[in-house]
Amino acid sequence: MTTKIARSRREFRRAQRSIPGGVNSPVRAFGSVGGIPRFIAKAKGARITDVDGNEYIDYVGSWGPMILGHAHPKVLAAVREAMKSGTSFGAPTTRETDLAEAVRKVLPSIEKLRLVSSGTEATMSALRLARGVTGRPRILKFDGCYHGHSDGLLVGAGSGVATLGIPGSPGVPKAMTDLTIVAPYNDLGATREAFVRWGEQIAAVIVEPVAGNMGCVPPVPGFLAGLGALCDEFGALLVFDEVMTGFRVARGGAQRLYGIRPDLTTLGKVVGGGLPAAAYGGRRDLMSRIAPEGDIYQAGTLSGNPLAVAAGLTTLRLLEAKGVYETLAKSSKILATGLADLAREQGIPFTTASVGGMFGFFFHPGPVESFAQAQQSDAARFRRFFASMLESGVYLAPSAYEAAFVSLAHRPRDLDQTLEAARKAFRRSEKSR
Ligand code: HOZ
């Protein structure tokens, strides 16, 4: 290790005295890769700089929101402008309707929506709605998908839960998790079996239409459409968790890309433009059941916060420019295929996937279509690769169970530099075995 990280080391020690694990969300810790999490001082475009002054090409992008790159001048200006009028009112503002309309414009399945502050809140609220309208208690989710940390969804979860290798969490009553059915991702047969067994009790199927919390695992052909058909057959609602994929894999999200119209959709990350905003929405008849229009309660002091709305709205408007999704998809593809080529040259079992502005890789010969397969990937190789990339100035998620995100600020020279770092990392990681 030649990179100087004395300040991050010191700050990590200090943070650990006041904050559990020194981090405010488990995925930020370097638990599964070892070493010291970098404390970030600033970010601009595709790059982040830590408190020791080391600069990295960033593929975490705040776990998805930074699709325009960090500190985009127009987003900063919009937030500054909004701030002049105050930071929160707890009363409606016209910009909230602007943001709601901007979302509806690109996601026609969303006829009405409610703004909330986090993806967790969005999925939790969407499922309450699904249970409320169907009068059914159970939900069906997929192994390795992560839908935030609300009680009933911390079962078979990806992201930090998978990284820590834990089955769920103490503090979640069994009575809650008993209502969650878990099926293998991309396995329609198993999903049908679950429906045959519990069909009359299943309120909703919730799915990441491209799984991004167990690495990046796209849906196999027919999987999403099959879920829609099963939901129709058994009277359950189909909920697409597009917190990660919304405004990222395509204009109109994964539902547009794969041509599926879910009953409900959850959004987060990009919709807040790097500030805390998220949303859930869908069919008008369903959303009309939300209070105060309807009887299903959900609320939030900071919901539709003016600064977050300004950042989100500006981000969505900038994403309307021609060619942005082609650019994002091209960058992801260059990285995914470039990494696969380099690994092949070294004879390393490796498989990659990219969908729009997200990509992922596994130290596994492939295919990886389920969480069980993702878990068979070579963790030690990942750790060595991650460490070498970081040392070469490339910041990947510190876990094998996360997707990587590109932004419009990632330029060809960033991609070249990344692949050059990867060439070295593959070589190094094999030598040090
Ligand atoms: N979905 C994100 C990680 N996969 C959440 C970020 C977090 O948990 O901090």
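When Val27, Val33 are checked against the criterion of being assigned to a loop (DSSP other than H, G, I, E, B) and either within 16 Å of the ligand (Cβ to nearest atom) or modelled with pLDDT under 95 (or both), a single residue qualifies: Val33.
If you scan the stretch 155-190, which residues turn out to be within 22 Å of Trp63 (Cα to Cα), of a type outside the set (Gly, Ala, Ser) and touching a strand residue (DSSP E or B) at 6+ places or on another chain (Cβ under 9 Å)? Within the stretch 155-190, Val155, Tyr185 qualify. For the stretch 255-278, the candidate set comprises residues that are in contact with a Gly (Cβ under 8 Å, 6 or more places away or on another chain) and either of a type in the set (S, T, N, Q) or assigned to a helix (DSSP H, G or I) (or both); within that set, the residue that is nearest to the ligand (Cβ to nearest atom) is Lys269. For the stretch 141-151, the candidate set comprises residues that are surrounded by 24 or more Cβ atoms within 10 Å (Cβ to Cβ) and farther than 14 Å from Thr266 by Cβ; within that set, the residue that is farthest from the chain's Cα centre (by Cα) is Phe142. Any chance the stretch 193-206 includes a residue that's touching a Pro at 6+ places or on another chain (Cβ under 9 Å), open to solvent by 10 Å² or more (accessible area, probe 1.4 Å) and not aromatic (Phe, Trp, Tyr)? Yes, the conditions are met somewhere in the stretch 193-206.
In this structure, does Gly135 turn out to be open to solvent by less than 20 Å² (accessible area, probe 1.4 Å) and either touching a Pro at 6+ places or on another chain (Cβ under 6 Å) or not hydrophobic (A, V, I, L, M, F, W, C) (or both)? Taking the combined requirement at face value, the residue does not satisfy it.
Table: residues versus (1) within 14 Å of the ligand (Cβ to nearest atom); (2) within 29 Å of Ser150 (Cβ to Cβ).
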{"residue": "Ala46", "(1), (2)": "no, no"}
{"residue": "Pro65", "(1), (2)": "yes, yes"}
{"residue": "Gly86", "(1), (2)": "no, no"}
{"residue": "Glu96", "(1), (2)": "no, yes"}
{"residue": "Ala100", "(1), (2)": "no, yes"}
{"residue": "Arg104", "(1), (2)": "no, yes"}
{"residue": "Thr123", "(1), (2)": "yes, yes"}
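In the stretch 338-350, the count of residues that are part of a helix (DSSP H, G or I), under 21 Å from the mean Cα position of the chain (by Cα) and either modelled with pLDDT of 95 or more or under 21 Å from Lys424 (Cβ atoms) (or both) is zero.
The values are calculated or read from the model by the stated rules, or taken from the named source; none is laboratory data. Keep in mind it's a predicted model, so treat the numbers as computed, not measured. Every residue, glycine among them, receives a Cβ derived from its backbone with ideal geometry; neighbour counts consider all protein chains shown. In case anyone asks, the SASA skips ligands and DNA or RNA and just uses the protein heavy atoms, side chains included. Shrake-Rupley method; radii C 1.70, N 1.55, O 1.52, S 1.80 Å.
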